[in-house]
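Trainee: Following this message is one structure expressed as structure tokens.
The values are calculated or read from the model by the stated rules, or taken from the named source; none is laboratory data. Quick caveat: nothing in here was measured; it's all calculated off a predicted structure. In this analysis, Cβ positions are derived from the backbone assuming ideal geometry, glycine residues included, and neighbour counts consider all displayed protein chains.
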Amino acid sequence: MAGEGRKNERRGTGRKLVPLRGGGAVRQGVVHLVGAGPGDPELLTVKALRLLQSADVIVHDRLAPPAILALASPQARLIDVGKRKSRHTLPQDDINRLLIALAQEGLTVVRLKGGDPFVFGRGGEELLACRAAGVEVHGVPGVTAALAAAAGAGAPLTHRGLAQSVTFVTGHAASGAEPDLDWPALARANHTVVVYMGLSTAPAVAGRLIEAGRAGSTPVLLIENASRPDERRVLTSLIELPSAAQALEGPVLLVIGEVAALADAQGADLQAAAEAAAWRLA
Ligand code: SAH
């Protein structure tokens with residue numbers, strides 16, 4: 001029915017058949033912005049797995065784990081757009097154009113992104129570019145690095161008595177010097193701050209937080225390659241953060257706050273953490 005057709009078009013959902021040269025019909029393409037999680041294939045969502053298995057083409061970054069790409073359908077074409085900090089082999093605008101062009105060929109495109117596509121992942125830019133080009137686009141959430149790192153280390157991001165709130169910030173500094181963040185807000189006690197892309201700016205982050213009033217003794221957990229076989233964790237303090245950061249290469253998350261002391265805590269450390277949080281061990 002004509003009326004139903006219009007309703008579908010307005011919603012932008014469903015597969016539309018459009019006539020193409022010579023009177024044939026092709027399926028319209030679609031782009032799925034899919035979160036791949038932090039690396040462990042078991043942390044993929046069921047939906048991400050289904051889309052990987054059914055996509056015609058998968059556009060991924062260089063750091064996409066081979067074990068996850070191996071789950072793609074053998075017929076799928078894999079395109080590496082090789083993004084890495086300060087070594088983008090394909091600029092963001094070109095990635096946007098590529099996604100649009102593939103979808104306009106009628107393909108089902110999975111744009112696979114580390115963690116969650118909309119947490120420091122530039123998924124928003126790809127989403128808006130597709131929308132502006134009239135290409136059907138959907139977001140599929142993924143386990144963001146902060147959640148995987150905290151769970152893996154046994155350091156809850158919020159915890160009664162230790163942290164009533166958590167903030168995710170980027171340590172990336174556009175100017176190269178230091179990130180532009182609300183330091184007094186981040187320096188509040190009993191508040192967890194998770195810094196993405198913060199390895200190179202760790203000294204500036206530590207300095208600013210201490211200057212804004214956060215205790216130098218505040219525990220800091222550094223997690224490198226969370227959920228991957230080569231994961232490394234270092235527990236340090238805000239004052240020691242600059243030197244501890246030098247031992248790691250990345251990708252690394254900084255978890256700053258009282259809860260960091262709970263990471264892998266055993267024996268006396270666990271007792272001390274419990275006392276700090278004023279809760280009793282059974
Ligand atoms: N969209 C991603 C974040 C991309 S920004 C997500 O939701 O997780 C890239 C930064 O994420 C890295 O510099 C690092 O700080 C963090 N990161 C991503 N994967 C990680 C991992 N497996 N272990 C530790 N940090 C990780």
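Trainee: Look at region 179-223 and say how many of its residues are buried (at least 19 other Cβ atoms within 10 Å of the Cβ), more than 16 Å from the ligand (Cβ to nearest atom) and not hydrophobic (A, V, I, L, M, F, W, C).
Mentor: Residues that pass the stated criteria total 4.
Trainee: Okay, next question. Please work out which residue is nearest to G198 (Cα to Cα), limiting yourself to region 218-239 and to residues that are of a type in the set (D, E, K, R) and touching a residue at least 12 places away in the same chain (Cβ under 8 Å).
Mentor: Among them, the one singled out is E224.
Trainee: I need the full set of residues from region 156-175 which are within 16 Å of the ligand (Cβ to nearest atom) and modelled with pLDDT under 95, in order please. Please lay out each step first, then the result.
Mentor: Step one: of region 156-175, the residues within 16 Å of the ligand (Cβ to nearest atom) are 157, 166-174.
Within region 156-175, H172, A173, A174 qualify.
Trainee: Checking the structure you have, find out if any residue of region 48-66 is more than 17 Å from the chain's Cα centre (by Cα) and at pLDDT below 95.
Mentor: Yes; the residues of region 48-66 include at least one that is more than 17 Å from the chain's Cα centre (by Cα) and at pLDDT below 95.
Trainee: As an exercise: evaluate L199 against (1) more than 23 Å from the chain's Cα centre (by Cα); (2) assigned to a loop (DSSP other than H, G, I, E, B) and give the number of the one condition it does not meet.
Mentor: With (1) more than 23 Å from the chain's Cα centre (by Cα); (2) assigned to a loop (DSSP other than H, G, I, E, B) applied to L199, the lone miss is (1).
Trainee: Just to be sure before I move on: is L102 aliphatic (A, V, I, L, M), touching a residue at least 12 places away in the same chain (Cβ under 8 Å), more than 20 Å from P251 (Cβ to Cβ) and not in a strand (DSSP E or B) in the structure I sent?
Mentor: The answer is yes for L102.
Trainee: Within region 231-248, track down each residue that is within 10 Å of the ligand (Cβ to nearest atom) and in a loop (DSSP other than H, G, I, E, B).
Mentor: E231, L248
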